[in-house]
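Novice: Here it is, the structure in full.
The values are calculated or read from the model by the stated rules, or taken from the named source; none is laboratory data. Not measured: the values here are computed from a predicted model. Cβ sites come from the backbone with ideal geometry, for glycine too, and all protein chains shown count toward neighbours. The area values use the complete protein model at the heavy-atom level, side chains included, leaving out ligands, DNA and RNA. Shrake-Rupley method; radii C 1.70, N 1.55, O 1.52, S 1.80 Å.
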Amino acid sequence: LATSLSASSGWAAAETAKKEAKNQETVISKTVTGEIVWVGKRALSVEIDRTEESSTDMLIPYDKQTKLERLKELAQLKRGDTVQVECEQRYKKDEKGELTLSGTMAKKVSLVRQAVSDALRSDQAVRQ
């Protein structure tokens, strides 16, 4: 009886190890720079590429551990502000062994440059 219990425990541990190996995550750090499109309660949208025909936005979730540089809070960010976001992207292997994105999280958000307000632009235009 003791032999069969230890054998089944060993089998369960082996199965758990296989599942963990199969579900291993690959974490890639990435830094993106772009203009704020909007800031929500749990994520911010950053325009990372723009052409005449289209633009590409990246939705980046954040949490309480996200560090801020040159900002006291994310609510200070306005549309058009330029930010640099350091984030981690987590990838898992699917059944075919290919990596698929399973999540993204902002680790640090830095204000690079504030957007020039429309009022300031029109004031400068009048002065010139």
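Novice: Calculated FRET efficiency, ALA75 and LEU99, Cβ-Cβ r, R0 35 Å, to nearest 0.05?
Specialist: Efficiency, rounded to the nearest 0.05: 0.50.
Novice: What does the extension gain come out to for TRP38 and ALA115, with contour length at 0.36 nm per residue minus their alpha carbon separation?
Specialist: Stretched fully, the TRP38-ALA115 segment lengthens by 26.4 nm.
Novice: In addition: Can you compute the FRET efficiency between VAL27 and ASP57 using 1/(1 + (r/R0)^6), with r the Cβ-Cβ distance and R0 = 30 Å? Round to the nearest 0.05. Kindly include the intermediate steps, with their values, before the conclusion.
Specialist: Working: r = 23 Å, r/R0 = 0.76.
With a Förster radius of 30 Å, E is 0.85.
Novice: Roughly how many Å² of LYS108 are accessible to a 1.4 Å probe, to the nearest 10?
Specialist: We get 50 Å² for LYS108.
Novice: Okay, next question. By the scheme Lys and Arg +1, Asp and Glu -1, what is the net charge of all other residues having a beta-carbon under 14 Å from that of SER45?
Specialist: 0
Novice: Then there's this: Tally Lys and Arg at +1 and Asp and Glu at -1 over the other residues with C-beta under 13 Å from the C-beta of LEU71: what net charge comes out? Mind showing how you got there, number by number?
Specialist: Numbers: positive: LYS67, ARG70, LYS72, LYS78, LYS108, ARG113; negative: GLU69, GLU73, ASP81.
Net local charge, LEU71 excluded: +3.
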